[in-house]
1. Tell me, please, whether a residue that is more than 28 Å from Thr176 (Cα to Cα), at pLDDT below 90, aliphatic (A, V, I, L, M) and part of a strand (DSSP E or B) can be found in segment 549-567.
2. Could you check segment 432-487 for strands (runs of 3 or more DSSP E) lying wholly inside it with 2 or more residues that are within 25 Å of Lys272 (Cβ to Cβ) and modelled with pLDDT of 85 or more?
3. Hey, among the residues in segment 507-524 that are in a loop (DSSP other than H, G, I, E, B) and touching a helix residue (DSSP H, G or I) at 6+ places or on another chain (Cβ under 6 Å), which one's modelled with the lowest pLDDT?
4. I'm trying to understand the selection: among the residues of segment 290-320, which are part of a strand (DSSP E or B) and surrounded by 17 or more Cβ atoms within 10 Å (Cβ to Cβ)?
5. Which residue pairs have Cβ atoms closer than 6 Å, lie 6 or more positions apart in sequence or on different chains, and pair a first residue in segment 529-558 that is more than 21 Å from Glu386 (Cβ to Cβ) with a second residue that is open to solvent by 100 Å² or more (accessible area, probe 1.4 Å) and at pLDDT below 80?
6. Which ones in segment 399-420 are in contact with a Phe, Trp or Tyr (Cβ under 7 Å, 6 or more places away or on another chain) and among the basic types (Lys, Arg)?
7. Go through segment 321-347 and count every residue that is closer than 15 Å to Lys377 by Cα and open to solvent by 50 Å² or more (accessible area, probe 1.4 Å).
Amino acid sequence: MEHNSDLPCDADGACMACKATPSEEEKLVCVTCATPWHVACLSSPPQSLSSTLQWHCPDCSAIYAPSSAAPSVAGGLIAAIREIEADASLSDAEKAKKRQELMSGGSSAADADPASSSEKRKGKKKADDDDVLGVLDENLNCSFCRELPERPVTTPCGHNFCLKCFQRWVAQRNLTCAKCRHPIPAKMASQPRINSTLVKAIRVAKTAKNVTTDGSVNVHHFQRNEERPDKAFTTDRAKRAGKANAASGKIFVTVPPDHFGPILAENDPARKQGVLVGESWEDRMECRQWGAHLPHVAGIAGQSEYGAQSVALSGGYQDDEDHGEWFLYTGSGGRDLSGNKRTNKAQSFDQKFDKMNEALRVSCKKGYPVRVVRSHKEKRSSYAPETGVRYDGIYRIEKCWRKVGIQGFKVCRYLFVRCDNEPAPWTSDEHGDCPRPLPVIPELEEATDITERKESPAWDYDEEQWRWTKPPPVSRKQVLTGNPEDRKVARRAIKQAQNLSVRDKLLKEFSCLLCRQVMNLPITTPCAHNFCKQCLEGAFAGKTFLRERTREGGRTLRAQKNVMKCPACPNDISDFLKNPQVNRELMDVIESLKRKTEENNEEIGAGGDSSEKSDVPADDETEVGSENPDMPDSIDRDAETEAGSENPEMPESSDKDCEIPAADGKTEATCKRKTRNEDASSMTHVEKKGKKSNESNEVEVARDNSPSSPLHVETEEDDDFR
């Protein structure tokens, strides 16, 4: 066609054909799609001024212009669309569905041959069940790049954007939502939080295929601290309350303390899943119990002559820079910890490559994998969790050097680059990392003692995955070979978890953090946590935003603002609760998934009923209501009584079912007598069940004192060592 060479103006107003930015007088706006076009670059510009008032661009003119090949198709299509719009009996969702079927030609094909379309749907039922990426693509697109959000950020008004798009928008001093112009809080603009729920949902939708595990992996058991309790504890000798003087609980994983690389399912006898990327813990003591990072205070775990196994990003040094897939880490030391000092923010002398710093340099030279955990104490990073400690996967140290730090003393610096087979917690990718070029580090120009790896790394990308290309370092601790039966149990548990459909997995991800059910009227807080609207409002029921203060015998004091902390983190959301906005985009996704799941279940149920009717012979239908002649009468009566007690809410009209005479000649009165006996037994069952449920509810309320519960009473122990 002749308009193929015509191109419109881009989002910045520049013509995509001549790359120039035309003025408003040189632009033409299409009345159909509202797209601006450069008049000078059009192959067929309008001939008169009046024609510009109802001008259609080259892309839209094909719909309205008559075609010699099929003159009735375009007119019929427009007439059908107008007929759908004029139908008052259809809802907006049904009109949109019919328009989509009409544009794709699906309705005509289905009307022409319904039998073939039914067979086609049955043949592709599994593919349609897994094709949920389109549901997210319709409702969760970023308003800037029109793609699924990469590292999604949700504004308080319920709109989702990519992290980079949101940061570019805020950098232009735009403190309102780009979609609805709702004001954005200053704290969120400076420190946007990634919505981990959307990240997991998009990743599940992209994966959409069950991953099967094959091959056997040797299990190494390292028995330690089995007599200890499950959580950190304090003894009578503890000087302070809380976890400042707490002792570690039981180590759950079966890996030695000097274990390099990820912790696999074979090393997790309790859960059979290993330590997964994105797994979070309440504090460093709990993180230690799962082997991700053993030291509960130090940021580096390793040995100077052996290498470093893990590091923790907790904002201890001002020189740290976190960019997600790579970060610049500052070594330890250089601070005066004499006397009884546990921490000291001021640096008083230069750092050297010794002790833990040397352990990191050994891992750099050998190319060993290093586990990385991020703490909520790192307030300057958008990739840090809002609360607790999170495992973010495997990184590798590419370079290390020394340079003069912010405080005027030399510090050891390390370049960490992510190299894990699992995607990062802040991305929605379905695959892990691929080899990427190293970032440009400007401070290397003035650095000293630069160390780079000269040999091939022990952990490298081979055969489309990251794995050990050299034998891993042999542990210097005692290890025992595991039982093969444990490996079978682990593989069986992983396989059962993967048998869930993609829609079920997505709906499971969209669960409220309070009721643990699929969210109803979802609300996303500024700290990127998702709740049902009713659950969040119920958590703060009876609380006011301002607290009136009076003084005995004196004047009335100024009202004080009540702090309302998020049920999932310590952030204050009182300003957000004054006018909470439902996340409409997320609600549309949940409703679409539920609707498609119900439709799929109805189709499966209809198919199952028809197959059962066709498979049951005529003789079997007469034997359904008959009794087994070999079974005693007492057993029949007991079974009928138990069946009646299972449905305590059965109405009295159910006696009509007993008016049909039984096969052995029982009378109608006998059937009614049985029904009355069943009702009496069912009432007794209901009373007992009600008492048990009341007792269990009281126990649950008494036990619900977790930090995430609205009923939790905060103590000093919650703030110690988090």
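1. yes
2. Values: elements: 448-452, 459-462, 465-468.
Answer list for segment 432-487: 465-468.
3. Phe510
4. Of the residues in segment 290-320, the ones part of a strand (DSSP E or B) are 300-303, 307-313.
Ile300, Ala301, Gly302, Gly307, Ala308, Gln309, Ser310, Val311, Ala312, Leu313, listed by residue number.
5. Thr556/Thr550; Leu557/Arg551
6. Arg413, Arg418
7. Total satisfying the criteria: 3.
Residues checked against (1) surrounded by 21 or more Cβ atoms within 10 Å (Cβ to Cβ); (2) in a helix (DSSP H, G or I):
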position: Gly134; (1), (2): no, yes
position: Cys145; (1), (2): no, no
position: Val153; (1), (2): yes, no
position: Gly158; (1), (2): yes, no
position: Lys164; (1), (2): no, yes
position: Arg168; (1), (2): no, yes
position: Asn174; (1), (2): no, no
position: Lys179; (1), (2): no, no
position: Ala189; (1), (2): no, yes
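The values are calculated or read from the model by the stated rules, or taken from the named source; none is laboratory data. Keep in mind it's a predicted model, so treat the numbers as computed, not measured. Methodologically, a virtual Cβ is constructed for each residue, glycine included, from the backbone with ideal geometry; neighbour enumeration extends over all protein chains shown. SASA here: full protein model, heavy atoms, side chains in, ligands and nucleic acids out. Shrake-Rupley method; radii C 1.70, N 1.55, O 1.52, S 1.80 Å.
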